[in-house]
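The values are calculated or read from the model by the stated rules, or taken from the named source; none is laboratory data. Predicted model only: the values in this text are computed from it and were never measured. Quick reminder, even Gly has a Cβ in these numbers, built from the backbone with ideal geometry, and neighbours come from all protein chains shown.
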Amino acid sequence: MQPENRMLIDCGGFCTQHANKRLLGKVKRTLVNKFHSVHALEAWLQLKGIRYDTWGKENSKSLRNLWQELEAGEVQLKESPPLRVVEVVQIIIQRGNNILVEAEQEFMNGQRRFRNQPPSEKVKPGETIEEAACRCLQEELGISPEAIALNLASHRQHQANTNSISYPGLPSQYNFHVLEAAVSGLPDCTFWRDNHTTDLVDPVKRHRWVWQPREDVQFIGGDP
């Protein structure tokens, strides 16, 4: 007899068997601001008194990166007060007492930034939480869908309002969707993986991954 309400799915089976069945559903969003160019966004930031002259250095992304995210519908900008709103899926992969953490990113331009976050990805328009989670692990870890099993029963949500790490000085609201997952084929030690996305918006070339005790991870908004 099959157990009822089975909530563990592999991404390979999900991509084929659940293509028309939304287990966790899509994220509702309303696009508030549209900018016809990066210069229009720049003018809006100046009007709102948000400085961006340090963006694109050290741990931050550039002004063009923000405009590309807006164009792709990956983020929203609310008008009053200015607020960047991001829907994020975050995946917890545990091995013993440690969880997998993205320690560092290397951008296409050679810029490096430190993260200390579990695998995380913006949810795209029209995408479900499961689809975003599978895409995240495939793109950032180079894992095949068959090696990923998402625990849908572990799904939980929390919200964090903070200054943006990617765009310092821009107030941001992160709506997190947290899922636990079992992933096979991962190394036991620190490792690098190339970013396998075809998305032109993503500036990341590769990721450095480490296993860390949960208490050492700097979760945005606290441990979920």
First in the range 53-73 and closer than 12 Å to GLY169 by Cβ, second anywhere and among the basic types (Lys, Arg) and crowded, with 18+ Cβ neighbours inside 10 Å, Cβ under 7 Å, 6 or more apart: TRP55/LYS61
Failed item, numbered, when LEU47 is tested on (1) modelled with pLDDT of 90 or more; (2) among the aliphatic types (A, V, I, L, M); (3) surrounded by 12 or more Cβ atoms within 10 Å (Cβ to Cβ): (3)
All positions within the range 211-224 that are loosely packed, with under 15 Cβ neighbours inside 10 Å and under 19 Å from ARG113 (Cα atoms): ASP216, GLN218
All positions within the range 160-169 that are among the polar types (S, T, N, Q) and more than 14 Å from the chain's Cα centre (by Cα): ASN161, THR162, ASN163
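A quick yes/no check of all residues on (1) in contact with an Asp or Glu (Cβ under 7 Å, 6 or more places away or on another chain); (2) under 30 Å from GLU79 (Cβ atoms):
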residue	(1), (2)
ILE148	yes, no
THR198	no, no
VAL201	yes, yes
ARG208	yes, no
TRP211	no, no
Residue in the range 57-66 that is farther than 29 Å from TRP211 by Cα, among the acidic types (Asp, Glu) and over 16 Å from the mean Cα position of the chain (by Cα) present: no
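Taking VAL123 as the residue in question, decide whether it is at pLDDT 90 or above, closer than 19 Å to VAL183 by Cβ and within 11 Å of the chain's Cα centre (by Cα). Full working, then the answer.
Numbers: at pLDDT 90 or above: yes; closer than 19 Å to VAL183 by Cβ: no; within 11 Å of the chain's Cα centre (by Cα): yes.
No, not satisfied.
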